[in-house]
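The values are calculated or read from the model by the stated rules, or taken from the named source; none is laboratory data. On a predicted model such as this, the values are computed, not experimentally measured, just so you know. Cβ placement follows ideal geometry from the backbone for every residue including glycine, while neighbour counts extend to all protein chains displayed. The area values use the complete protein model at the heavy-atom level, side chains included, leaving out ligands, DNA and RNA. Shrake-Rupley method; radii C 1.70, N 1.55, O 1.52, S 1.80 Å.
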Amino acid sequence: MFAPGKLTEQQKRGVVVCIPKTRPNQPSDYRQITLLNTYYKILARIVANRIRPTLEDLLHPSQYCGRPGNTIFEAIASVREAIAFDEVKRKPLCILTLDFKDAFDRISHTYLFAILRSHGFSDSFVDRIRHIYENATSMVQVNGHISAPFPIQCSVRQGCPLSMCLFTLCINPLIYRLRQQLRGIQINRRQRKMAVVAYADDITGFVTAPEEITAIELALRCYERATGAKLNIEKSHALAVGTWDTTRRVMDIPYSNEIKVLEIHLSNTTAQSAMSSWARITTMMRIQAREAYTRDLDLAQRIQYIHTYLLAKLWHTAQVLLPPNVSIRQIVTAVSWFIWHGDIFQVPLSTLQKKKEEGVGA
């Protein structure tokens, strides 16, 4: 199968399932994931493993997805550090979060194959990827019913092991272009200037001068024409930090009091960012604890539920933002209330929380 690089049309047929992002009210509230044939995924995994070692050299250092050693937490921390830096320096800074509508689904195959060749991949290797996408079809499953198959004329499929590698290569020229056009900020002499931070299709840009706005717009329009991408103005946001003048519009992108970067809410100060993010987490945690309160669980099961569901929501944010004391108290209260079912203790809760070795008579 790998040697000729060809699959049958049946092997290239996928089933699209719609997974709700939150509480869905409209089609855009669902994420489309394609379930693919096992043979297809084996071949895609082999090709992805061939591409992955080259990404460190091909991708811009500002891309934190796909490059060995980079993590999602470093991407978020870079944006947090930019905010903290400008808190001290008080210089004009506008942080843009750019959202592309159906980013993976709009990638032109013609553009994809041209990008692969421009990065030095051989014609035979590009042809192998072309065969994977050529005459590919999908069906949509809704409420147990499956539609008739329809051709896939663009996109890299979400659910394919190869898609993330291909997408990061496709968006790479845009990141290089933005880095060339933006002056960026330099937090210390040992680090390179930071003008853009990307994690796959989540792009955050740092604008420090009004004349950079036109350059950003030209870069984005060029990328849209080449790839078929479409900037989603409504879901893109601008955050004014320091002395940035909010009367200056950036492609009609609305200014917000906070932005969301990889599921972390950030404001124009690090303190407010921590308060805002942790307030959301503690509220969600308490709601979930109340919903599960009446379930028939013994003590061990309640503790397991806390570790698996309630506290699992904390770790992503805790990697980049320290929780305020008020949030810590709310978390401790919610956990204790859930474990002990609101019982009143005859000894202080702080004593119950001590290690076994620290107990009375130890």
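Given a 1.4 angstrom probe, what's the average accessible area per residue across the chain, in square angstrom?
Accessible surface, normalised per residue, equals 54 Å².
Between C18 and K101, what is the label-to-label distance in nm when each label sits 7 Å out along the Cα-to-Cβ direction?
Taking the two extended label points, one gets 1.7 nm.
First check a/c for segment 245-362, with a ≥ b ≥ c the square roots of the eigenvalues of its C-alpha gyration tensor; if it is under 1.5, answer rounded, and if not, answer prolate when a/b is larger than b/c or oblate otherwise.
Taking the square roots of the gyration eigenvalues as a ≥ b ≥ c, segment 245-362 is prolate.
In degrees from 0 to 90, rounded to the nearest 10, what is the angle of the helix 325-340 Cα long axis to the longest principal axis of the chain?
70
What accessible surface, in Å², does a 1.4 Å probe find on R248, ignoring ligands, DNA and RNA and rounding to the nearest 10?
R248 exposes around 110 Å² with every protein chain in place.
How much net charge surrounds C65 when only the other residues with a Cβ under 15 Å from the Cβ of C65 are counted, with Lys and Arg +1 and Asp and Glu -1?
-3
If the only charges are +1 at each Lys and Arg Cβ and -1 at each Asp and Glu Cβ, what is the size of the charge dipole of segment 239-356 around the Cα centre, to the nearest 20 debye?
300
Leaving ligands and nucleic acids out of the surface, order T317, T333 by accessible area at 1.4 Å, largest first.
Result of the area sort, largest leading: T333, T317.
Amide H neighbours of A136 under 5 Å, at least 5 residues apart or on other chains, H built in the peptide plane: list them.
I152
Given K12/K41; K89/K235; K6/K41; K313/K355, which pairs have Cα atoms separated by over 19 Å?
Going by Cα-Cα distance, K89/K235; K313/K355 fall outside the 19 Å limit.
Say each of W340 and L299 gets a label point 7 Å from the Cα, pointing the same way as Cα to Cβ; how far apart are those two points in nm?
Output for this residue pair reads 1.2 nm.
Take the Cα of R183, step 7 Å along the line toward its Cβ, and report every residue of segment 70-114 whose backbone nitrogen sits under 13 Å from that point.
Counting only backbone N, you get 91-94.
How high is the FRET efficiency between T333 and M139 when r is their beta carbon distance and R₀ equals 30 Å, given to the nearest 0.05?
For R0 = 30 Å, the calculated efficiency reads 0.05.
What part of the accessible area of the chain, given as a whole %, is carbon or sulfur when the probe is 1.4 angstrom?
Of the solvent-accessible surface of the chain, carbon and sulfur hold 52 percent.
Please calculate the 1.4 Å probe accessible area of M164, with all protein chains present, and give it to the nearest 10 Å².
The accessible area comes out at roughly 80 Å².
Rounded if a/c is under 1.5, else prolate if a/b beats b/c, else oblate: with a ≥ b ≥ c from the C-alpha gyration tensor eigenvalues square-rooted, which is segment 127-224?
It comes out prolate by the Cα gyration axes.
Note the angle between two axes, namely the Cα long axis of helix 212-227 and the longest principal axis of the Cα atoms of the chain, as a number of degrees from 0 to 90, rounded to the nearest 10.
Tilt relative to the chain: about 60 degrees.
Under a crude label model (7 Å from the Cα following the beta-carbon direction), how far is S122 from V326 in nanometres?
6.3
Only residues of segment 202-221 count here: report those whose backbone N is under 13 Å from the spot 7 Å along Cα→Cβ of K91, or say none.
206-210
From largest accessible area down, sort T110, T54; use a 1.4 Å probe on the protein chains.
T110, T54
For the chain, compute Rg over Rh where Rg is the Cα radius of gyration and Rh is the Kirkwood radius from the inverse mean 1/r over Cα pairs.
Across the chain, the Cα-based Rg/Rh ratio is 1.03.
Quick one: net charge of Y305's neighbours, Cβ under 15 Å, K/R +1, D/E -1?
Counting the neighbours of Y305, the net charge comes to +2.
Taking the 0 to 90 degree range and rounding to the nearest ten, how far is the long axis of helix 72-89 tilted relative to the main principal axis of the chain, both from C-alpha atoms?
Between the helix axis and the principal axis of the chain, the angle is about 70 degrees.
Short version: ³J(HN,Hα) in whole Hz for each residue of segment 111-121, in order, from phi by Karplus 6.51 cos²θ - 1.76 cosθ + 1.60 (θ = phi - 60°), x for Gly and Pro, what are they?
Coupling constants for segment 111-121: 5, 4, 5, 5, 5, 4, 5, 5, 8, x, 6 Hz.
Once a ≥ b ≥ c are taken as the square roots of the eigenvalues of the Cα gyration tensor of segment 172-226, is the result rounded (a/c under 1.5), prolate (a/b larger than b/c) or oblate (a/b not larger than b/c)?
oblate
If you stretched the chain out fully between R225 and K356, how much longer would it get, using 0.36 nm times the residue separation minus the C-alpha to C-alpha distance?
40.7 nm
So what does F85 come to for accessible area, using a 1.4 Å probe and Å² rounded to 10?
40
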